There are 2 protein chains.
Amino acid sequence: MTTRRDHLVETALKLFYMNGFNATGIDRILAESGVAKMTLYKHFRSKDELILAALELRDQRFRTWLEAEIEQATDDPEARLLALFDALETWFRGEAFKELGFSGCAFINAASEFADQSHPAHQLSAEHKQRVVDYLERLCRDAGLSDPVGMAEQLALLKEGAIATAHVRNHPDAARRARQMAQTLIAAARST
Amino acid sequence: MTTRRDHLVETALKLFYMNGFNATGIDRILAESGVAKMTLYKHFRSKDELILAALELRDQRFRTWLEAEIEQATDDPEARLLALFDALETWFRGEAFKELGFSGCAFINAASEFADQSHPAHQLSAEHKQRVVDYLERLCRDAGLSDPVGMAEQLALLKEGAIATAHVRNHPDAARRARQMAQTLIAAARST
DNA sequence: AATAAAACAGACAGGTCTGTATAAATGTCA
DNA sequence: TGACATTTATACAGACCTGTCTGTTTTATT
């Protein structure tokens, strides 16, 4: 029965994502979740460990959501590459994770706050990004593209650019622009 | 003679950029700069104001550097669009702002820590991004592209994607990939 | 050299932070 | 019901934070 621990991580993720890691105190997480402080420190050795648990939850949740969104959009392998950007747009508009809204990418945010490359949270963020690239590579392979690795990296780069643009400048339509660019790039890759 | 104030803002920018805004205490900035606390509060009403001053300095410095880098690279208007990504690569490799190294984009970082869109630091970040887009639009116009506004937005999106990728995943070669993508997209735009 | 402005050092207040200690309350399961 | 583990409430330590206050020293101007 880890329901107490889970509830804690859930609340932590929400507050960390919406207000930042350093700016969110433990007391706030405890108050919001209704969990006692000693319970937190029974499950986690430190706040840092809680942060890591929250990011791991986010990684799992986000990738599950993204893959489902893409795969239920269409069966056509090439159309799935574009469906990525449709998914992004619903995310940017706050329709994906209703209780969280959209505050950029939790992992870009983590890498910002924990700038040191060797920090566990930064490393975990890099791993998350890599996992997404790996998934995109699979999609590119399914679409029969000649350079699935390269195209996956291209799509990932467009995705990161769209996220940053949507967040910093509050331009959710960056997803549509990225989609258009992806279309052009895929067409160019196909004709080689 | 604002040399004392300038030195303070300079030190603040360095520490904020390398270690984050919330994680950097005022005492550290004072110790590193050798400025007394009362001097800080004579020039700024609060830490937030110091943060804004540091970001304004960064905006000015970064854009000056970027424009110089592009304009001294070549006189060919179209080649300048690609020179953007060469500049990014030297930045990612830590050769641009020697004393700062590379810790991502200060404005993406600021938007991460101050997630609220109405926060002055977030707004200033959005303005910085917009100014860069405006500059790129000028370059696109000089290159005689048919849709300078749209292409500037595309290049900016590639730039943001490259920055995020270079920082989070520690992939400075993202600049080169973005350059390649830009080339393809420009070619596609020219042939319409 | 005299006067005014600026920067200095350092203590301090009041608050917040993480993490620990203690003891009461709650729930679980035999 | 009784034994046991988990969670709770609350107080606390020690560190750090921002911002203020006081008084001294340095710097600039005339």
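The values are calculated or read from the model by the stated rules, or taken from the named source; none is laboratory data. It should be emphasised that the depicted structure is a prediction, and the values quoted were computed from it without experimental measurement. All Cβ positions, even for glycine, are placed from backbone atoms using ideal geometry, and neighbour counts span all protein chains on display. Ligands, DNA and RNA are excluded from the accessible area calculation, which covers all protein heavy atoms including side chains. Shrake-Rupley method; radii C 1.70, N 1.55, O 1.52, S 1.80 Å.
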- prompt: Could you say which residue among A:F21, A:F85 is within 16 Å of DNA strand D (Cβ to nearest atom), touching a residue at least 24 places away in the same chain (Cβ under 8 Å) and not basic (K, R)?
  reply: A:F21
message: I need a count of the residues in region A:134-167 that are of a type outside the set (S, T, N, Q) and open to solvent by 70 Å² or more (accessible area, probe 1.4 Å).
response: 6
message: Under 9 Å between Cβ atoms, which residue pairs at least 6 apart in sequence (or on different chains) link something in region B:40-52 that is open to solvent by less than 50 Å² (accessible area, probe 1.4 Å) with a partner that is within 13 Å of DNA strand C (Cβ to nearest atom) and of a type in the set (F, W, Y)?
response: B:L50/B:F44; B:L52/B:F44
query: What about A:A23, is it at negative phi, modelled with pLDDT under 95 and not hydroxyl-bearing (S, T, Y)?
result: no
statement: Checked A:E56, A:E69 against criteria (open to solvent by 60 Å² or more (accessible area, probe 1.4 Å), farther than 26 Å from B:S125 by Cα and charged (D, E, K, R)); the one match is A:E56
- prompt: Hey, does region A:96-115 have a residue that's surrounded by 14 or more Cβ atoms within 10 Å (Cβ to Cβ), within 16 Å of DNA strand D (Cβ to nearest atom) and of a type in the set (D, E, K, R)?
  reply: yes
- line: Of the residues in region B:84-93, those that are within 13 Å of another protein chain (Cβ to nearest Cβ) and open to solvent by 20 Å² or more (accessible area, probe 1.4 Å) number 0
message: Go through region A:168-184 and report how many residues are open to solvent by 10 Å² or more (accessible area, probe 1.4 Å), at negative phi and either within 11 Å of chain B (Cβ to nearest Cβ) or in a helix (DSSP H, G or I) (or both).
response: 9
Filter result (within 14 Å of chain B (Cβ to nearest Cβ) and either farther than 12 Å from A:A106 by Cβ or within 15 Å of DNA strand D (Cβ to nearest atom) (or both)) within region A:40-72: A:K47, A:D48
statement: The helices (runs of 4 or more DSSP H) lying wholly within region A:25-73 that contain at least 3 residues that are under 14 Å from A:R4 (Cβ atoms) and over 21 Å from the mean Cα position of the chain (by Cα) are A:26-33, A:37-43
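Are any of the residues in region B:83-95 closer than 20 Å to B:H171 by Cβ and of a type in the set (G, A, S)? Spell out the reasoning first.
Quick first cut of region B:83-95, residues closer than 20 Å to B:H171 by Cβ only: B:84-95.
Keeping just the survivors that are of a type in the set (G, A, S) gives B:87, B:94.
Yes, region B:83-95 has at least one match.
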- prompt: For region A:130-144, does any single residue satisfy the condition of being away from chain B (no Cβ under 11 Å) and either among the aromatic types (F, W, Y) or in contact with an Asp or Glu (Cβ under 6 Å, 6 or more places away or on another chain) (or both)?
  reply: yes
